[in-house]
Amino acid sequence: MTDFEKFDALVRSRKSLRAFLPKPVPHEVLRRLLETASRSPSGTNMQPWQVYVVQGASRDNLINETCAAYDTLRLHPERAEEFGHAGDAADRKVGSPYLDRRRQNGWALYGLLGLTRENKDGMHQQQERNYRFFDAPVGLFFTTHVSMQGSSLVDFGLFMQTFMLAAKTQGLDTCAQGAWRNFSKIVMRHLKAGPEEVMVCGMALGYADAHALVNTLETPRESVDNFTRWLD
Ligand SMILES: Cc1cc2nc3c(=O)[nH]c(=O)nc-3n(C[C@H](O)[C@H](O)[C@H](O)COP(=O)(O)O)c2cc1C
């Protein structure tokens, strides 16, 4: 295989998994992945990332409180502000074609699991699995200083993708989790993060449950011609 073929295969081997085994991840492995990810580029090398690794009792306590809040929100959606970013209001204004792709993605997942539109309990339970890190033993949170919220957020994408690809080389899988932002107030309290910090994203990390149906989901991509304009 050429270097490109190896790299391409690694990139294509990563996908978001949503069912993990309880098998712990060695501390040295986690440390090494973070060390590799820290080589990601960032604007003016500001390295705006702060990472929290949540495992054991910290993970369990966070899950318990968040899942309780998630259930509460189902009955009292008006309390969203109390727990987090209130569903990222700006996100809800997303239009075509992004909204179509988002819906396609959601229904592909629910469809795979046999969950129909009418099955509100089933969808609630599947969505709640986010707040259990899909049973992964390791949760990660990426936060930054409040002053870094603009273009520096790009740096997190670079860091997270480097981290996720590095994880694949260690037999580990991941799922980036924006869903935790809905409960960022709970998360930040559990992390004992300072008032100047804001949450960017969460992530589940662990060894894949190879037998889980949900992990067979394959997502499409637009063709290069659909997202590229060549100006000569
Ligand atoms: C920033 C970001 C946030 C995401 N948040 C979630 C999430 O909260 N829950 C979830 O199940 N998947 C989440 N995903 C996974 C996306 O749905 C997934 O990347 C996309 O559908 C493409 O599929 P793939 O990762 O398998 O290639 C997130 C991905 C990214 C990059």
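The values are calculated or read from the model by the stated rules, or taken from the named source; none is laboratory data. Quick caveat: nothing in here was measured; it's all calculated off a predicted structure. Quick reminder, even Gly has a Cβ in these numbers, built from the backbone with ideal geometry, and neighbours come from all protein chains shown.
Taken together, the residues in the range 138-181 that are polar (S, T, N, Q) and more than 18 Å from A193 (Cβ to Cβ) amount to 6. Restricting attention to the range 134-161 and to residues that are among the β-branched types (V, I, T) and not in a helix (DSSP H, G or I), the residue that is farthest from the ligand (Cβ to nearest atom) turns out to be V138.
Scanning the range 169-192 for residues that are within 21 Å of Y70 (Cα to Cα) and of a type in the set (A, V, I, L, M) yields A176, A179, I186, V187, M188, L191.
Kindly indicate whether D121 is acidic (D, E), under 27 Å from V29 (Cβ atoms) and either in contact with a Cys (Cβ under 9 Å, 6 or more places away or on another chain) or modelled with pLDDT of 95 or more (or both).
Values: acidic (D, E): yes; under 27 Å from V29 (Cβ atoms): no; either in contact with a Cys (Cβ under 9 Å, 6 or more places away or on another chain) or modelled with pLDDT of 95 or more (or both): yes.
Here the answer is no, as D121 does not meet what is asked.
None of Y110, Y131 is hydroxyl-bearing (S, T, Y), surrounded by 21 or more Cβ atoms within 10 Å (Cβ to Cβ), within 12 Å of the ligand (Cβ to nearest atom) and assigned to a helix (DSSP H, G or I) except Y131.
If you take the residues of the range 66-76 that are of a type outside the set (A, V, I, L, M) and farther than 24 Å from V200 by Cβ, which of them is surrounded by the fewest Cβ atoms within 10 Å (Cβ to Cβ)? So, considering only residues that are of a type outside the set (A, V, I, L, M) and farther than 24 Å from V200 by Cβ, the one surrounded by the fewest Cβ atoms within 10 Å (Cβ to Cβ) is H76.
Take the residues of the range 174-232 that are near the ligand (Cβ under 10 Å from one of its atoms) and part of a loop (DSSP other than H, G, I, E, B): which is surrounded by the most Cβ atoms within 10 Å (Cβ to Cβ)?
L217
Restrict the check to the range 218-228 and report whether at least one residue is touching a residue at least 24 places away in the same chain (Cβ under 8 Å) and under 22 Å from C67 (Cβ atoms). Checked against the condition, which is being touching a residue at least 24 places away in the same chain (Cβ under 8 Å) and under 22 Å from C67 (Cβ atoms), the range 218-228 yields no hits at all.
For the range 1-87, the helices (runs of 4 or more DSSP H) that sit wholly inside it and include 1 or more residues that are touching a strand residue (DSSP E or B) at 6+ places or on another chain (Cβ under 9 Å), among the aliphatic types (A, V, I, L, M) and touching a residue at least 60 places away in the same chain (Cβ under 8 Å) are 27-37, 56-75.
Looking only at residues of the range 9-53 that are within 16 Å of the ligand (Cβ to nearest atom), more than 30 Å from G150 (Cα to Cα) and not aliphatic (A, V, I, L, M), we find that the one that is farthest from the chain's Cα centre (by Cα) is S13.
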